[in-house]
Amino acid sequence: MIETFVSRPNWAQPLLEQRLVGFYRMLETAGFKANTIGKSQVSLKTPFDDVRRLMKKCKCTIVLGLPQIFIDKGSFKDDPIENTTSLATEWNQIETTMSLMLELPTLVLLHKTVQPRGIFDRGAANVFVYEFDTLNPSWLQDLQPALATLRDEVDA
C-alpha cells in the first residue's frame, strides 16, 4: 500500500461524505492508504506539526478541495457575489503547499461547486487541478486515470 496524505476537511456535508465512501474504497483498491489528521490519525501536537510529521511518512498527497466555507454576500475583489458560493478549507492551501515543498507527487482535486482560488487557481502552482462532481454518476471512473498517473509518479 502507498502511504498517502489526503488533504480534506474533517467535516463535509452529509451527502458529500456519503459519496466519499466510494472514493476511499477506490483508493484502497488502487493501492493507496489514506491518511488524514482528524480522520484516520489523531492529533498529538499542533495541526501544523501533525500534518508535517504525517506527510513526511507518506509517498504522495491527494488534495480534496471540498465545499467548506459558504458565502452568501460580499465580493471577490470588485466582483459582487451574486449566488451562494463556496470555498475549500484554508488547510487545503497549507497542506498542498507543504506537499509541493516536500516534492511529493501531488494530485489536486477540486469539487465543481468550489471556487478555484489560491492553490486551486489553474496556473497558480505547478500542478494540474482536476475538477470532480460527486453528483455525476461517473465521477469515480473519471478520476481513475488521474490516480493511475499519481501511482506512476510514485513508482518512478
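The values are calculated or read from the model by the stated rules, or taken from the named source; none is laboratory data. These numbers were taken from a predicted model, which means no experiment stands behind them. Every residue, glycine as well, gets a Cβ built from its backbone with ideal geometry; the counts of neighbours run over all protein chains shown.
Key figures
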read-out: Any chance T46 is over 12 Å from the mean Cα position of the chain (by Cα), at pLDDT below 95, of a type in the set (V, I, T) and surrounded by 12 or more Cβ atoms within 10 Å (Cβ to Cβ); value: no
read-out: Unmet criterion (only one of (1) assigned to a helix (DSSP H, G or I); (2) in contact with a Gly (Cβ under 8 Å, 6 or more places away or on another chain); (3) surrounded by 19 or more Cβ atoms within 10 Å (Cβ to Cβ)) for L110; value: (1)
read-out: Verdict on P137 being more than 16 Å from the chain's Cα centre (by Cα) and surrounded by 13 or more Cβ atoms within 10 Å (Cβ to Cβ); value: no
read-out: Selected residue (only one of T36, T4 is crowded, with 19+ Cβ neighbours inside 10 Å, under 24 Å from Q115 (Cα atoms), out of contact with any Pro (no Cβ under 6 Å at 6 or more places or on another chain) and hydroxyl-bearing (S, T, Y)); value: T36
read-out: Pair list, Cβ < 9 Å and 6+ apart or interchain, from the stretch 66-89 residues that are on the phi > 0 side of the Ramachandran plot to residues that are modelled with pLDDT under 90; value: G74/P80; G74/I81
